[in-house]
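Below is one structure; the comments refer to it alone.
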Amino acid sequence: MEKDIKTGSIEMAAAMLISGTIGWFVLMSGQPVIDVVLWRCLFGALTLLVICGFLGHFRAGTLTWRLFALALLGGVAIVVNWLLLFAAYSHASISIATIVYNTQPFMLLAIGALFFRERITVTKLFWLAIAFAGMIAIVQAKPSGTSTGADYLTGIAMALGAAFFYALAALVAKKLKGTPPHLIALIQVVTGIAMLLPFAGTSGLPAEAYQWALLIAMGAIHTGLMYILLYSATQKLPTHLTGALSFIYPVAALAVDRIAFGHLLQPAQLAGSAAILMAVAGMTFGWTLPRPLRHQAG
């Protein structure tokens, strides 16, 4: 058991570190976002095709038509999520886009309350208020660099949209419990190819070898390898440890943005980011308010 937790922790940490670097790959590829996502889906599909074949996921009866349809629906959501998140990087920076994107748990909370009549507790409302305050601080912060205020707000809106579509994909994934995750991922990226192929490629093929290397890496490493590490880790780790290690992702993204592009969060952005991450941690780990505060809020 201890060996599984150690192995799972290493795998989860590696998966989150890989995820945290994708913004650099996207921006350095120099390609339109729609092309980047298409190539990610294509090279990811080739990688996952080999993995699924090796694991024997193509056996008859592995997937029903209903589950296949759900996987397609999740694929649409995850591809739109990628399009919006990758576009947000160039508008609001990798750091801000990633922090805003990590409001996903609150998107799930809102969807659950609106469509599934799930109860929202006072504690959850408290963490939602903290996250909202953090969002206000980020929105009101003056954008750095050459970005205009409108461009910055567009990036934040895109990151919020990406979080929403990720939450939709997560809800669909719950309905696919028991289905081989690598097969789900393969269906999702193939869905992405079908969605984007008619619209991509208007700027032509990448001209430089390093651009191809970056695009291949996003498919093989950030999709294929990352899925293997992530799903292997979640099978070995308790939920609280999975949640704790997932915070490596935004921290890695902030480090990459600082080292590669020299972006440093301003005080208001830093305070807002800290508030959002604290609120997400509170939701993830189920931190509760002291009893007197719960009574006052009620």
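The values are calculated or read from the model by the stated rules, or taken from the named source; none is laboratory data. Computed from a predicted model, the values in this text were never measured in an experiment. Here the Cβ positions follow ideal geometry from the backbone for every residue, glycine too, while neighbour counts run over all protein chains shown.
Here is how the numbers come out for the structure above:
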{"quantity": "Single residue of Thr202, Thr191, Thr223, Thr179 found to be polar (S, T, N, Q), in contact (Cβ under 8 Å) with a residue 12 or more places away in the chain, buried (at least 18 other Cβ atoms within 10 Å of the Cβ) and not in a helix (DSSP H, G or I)", "calculated": "Thr179"}
{"quantity": "Which numbered condition Phe25 fails, given (1) free of Cβ contacts under 8 Å to residues at least 24 places away in the same chain; (2) surrounded by 18 or more Cβ atoms within 10 Å (Cβ to Cβ)", "calculated": "(1)"}
{"quantity": "Tally of residues being closer than 19 Å to Gln104 by Cβ and out of contact with any helix residue (DSSP H, G or I) (no Cβ under 7 Å at 6 or more places or on another chain) across the range 204-240", "calculated": "1"}
{"quantity": "Sole residue being of a type outside the set (Ser, Thr, Tyr), crowded, with 18+ Cβ neighbours inside 10 Å and within 13 Å of the chain's Cα centre (by Cα), chosen from Leu84, Leu128, Leu108", "calculated": "Leu84"}
{"quantity": "Selected residue (only one of Gln140, Gln188, Gln211 is closer than 30 Å to Leu289 by Cβ and of a type in the set (S, T, N, Q))", "calculated": "Gln140"}
{"quantity": "Criterion: farther than 25 Å from Leu176 by Cβ, modelled with pLDDT of 90 or more and surrounded by fewer than 18 Cβ atoms within 10 Å (Cβ to Cβ) - qualifying residue of Leu72, Leu49, Leu153", "calculated": "Leu153"}
